1. Tell me which residues, restricted to the stretch 114-158, are at pLDDT 95 or above, of a type in the set (Ser, Thr, Tyr) and in a strand (DSSP E or B).
2. Is it the case, given these coordinates, that residue 111 is surrounded by 14 or more Cβ atoms within 10 Å (Cβ to Cβ), charged (D, E, K, R) and either more than 13 Å from the chain's Cα centre (by Cα) or modelled with pLDDT under 95 (or both)?
3. Is it fair to say residue 181 is modelled with pLDDT under 95 and either over 10 Å from the mean Cα position of the chain (by Cα) or part of a loop (DSSP other than H, G, I, E, B) (or both)?
4. Among the candidates 90, 94, 82, single out the residue that is at negative phi and loosely packed, with under 10 Cβ neighbours inside 10 Å.
5. Please enumerate the residues belonging to the stretch 79-92 that are part of a loop (DSSP other than H, G, I, E, B) and not charged (D, E, K, R).
6. Of all residues in the stretch 31-47 being surrounded by fewer than 17 Cβ atoms within 10 Å (Cβ to Cβ) and assigned to a loop (DSSP other than H, G, I, E, B), which is farthest from the chain's Cα centre (by Cα)?
7. Which one of these is surrounded by 19 or more Cβ atoms within 10 Å (Cβ to Cβ) and assigned to a strand (DSSP E or B): 72, 76?
8. Sort out which residues of the stretch 123-176 are of a type in the set (Ser, Thr, Tyr) and either exposed (fewer than 13 other Cβ atoms within 10 Å of the Cβ) or touching a Leu at 6+ places or on another chain (Cβ under 9 Å) (or both), and write them in order of number.
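The values are calculated or read from the model by the stated rules, or taken from the named source; none is laboratory data. Computed from a predicted model, the values in this text were never measured in an experiment. Don't worry about glycine lacking a Cβ; one is built from the backbone with ideal geometry, like all the others, and counts go over all protein chains shown.
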Amino acid sequence: MLRHLHLPRAGLAAFALLLAACGDTNLLPPATQPTVEDTVTLWAVTGTAIDRPSAYDVIGAAPVRTDMGGTFDFLFDFRLAPGSTTDTVPVLVPRGADGMTDDAGLQLVVRARFDTLRVAPTGGYEFNQAVPVDTGSVLFVRSRLQQCNFGLSYGIYGKLQPLFISRTQRWIRFRILYDPNCGYRGLGPGVPTI
C-alpha cells in the first residue's frame with residue numbers, strides 16, 4: 001500500500017524555492033552595487049618609464065605597475081603586427097599571454113557599440129594571446145578569478161573602449177565599465193540583475 005506524502009503549505013513553498021535555486025546556474029546572492037564607469041590611461045610595458053602603470057587590475061579597479069607584482073588582469077603594449085618584422089600595433093595582453101596564470105581574459109566584439117552591450121558573455125575570452133586594438137574597438141573583459149564572499153570563485157566582468165592611442169608617447173586611454181558584484185555580468189546602468 002502506497003502512502004501519500006503530505007507537506008504543509010509552508011513546506012511546499014520552501015521546497016519549491018529550493019528546486020528553483022537548484023535550477024539557477026549562478027547561485028549568486030542578490031547584487032548590491034551599481035556598475036561603475038571610469039577613464040584610464042596605461043603606458044606601454046616596453047619603451048616607457050617603469051614608474052608609469054602599464055597594466056589594469058579589474059578587481060581593484062586601478063591601473064598598476066607590472067614591476068610591483070602580478071595583481072593585474074591585462075597590460076598594454078605595442079607588438080609586431082602579424083607578418084611584419086618592423087611594424088607594431090597597439091595590443092591589450094591578458095595576463096596568461098605574459099606568462100602568468102591564464103584566468104583573466106579579453107574578447108574583441110565585432111561591430112558593436114559600447115553603450116549597446118548590456119551583458120558580458122561567460123565564454124569566448126582570449127586568455128593566452130595579445131588582442132590588437134584601435135579607437136574603433138570594443139572589448140569584453142573578465143578579471144582573474146577571486147574567492148567571493150559567498151564561497152565560490154568568479155571573475156569581475158566589464159567592457160572597455162579605447163578612446164585615444166598615442167604611438168609617440170606610447171600610451172592608451174580607454175573607458176571601462178565594470179560590474180563590481182562578484183560573478184555578475186550585467187553591464188547596463190544601475191545594480192545588475194544578471
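1. Hit for the stretch 114-158 is 157, nothing else.
2. no
3. Spelling it out, it is not the case that residue 181 is modelled with pLDDT under 95 and either over 10 Å from the mean Cα position of the chain (by Cα) or part of a loop (DSSP other than H, G, I, E, B) (or both).
4. Matching residue, one of 90, 94, 82: 82.
5. 81, 82, 83, 84, 85, 86
6. 47
7. The conditions single out 76.
8. 125, 135, 137, 153, 154, 157, 168
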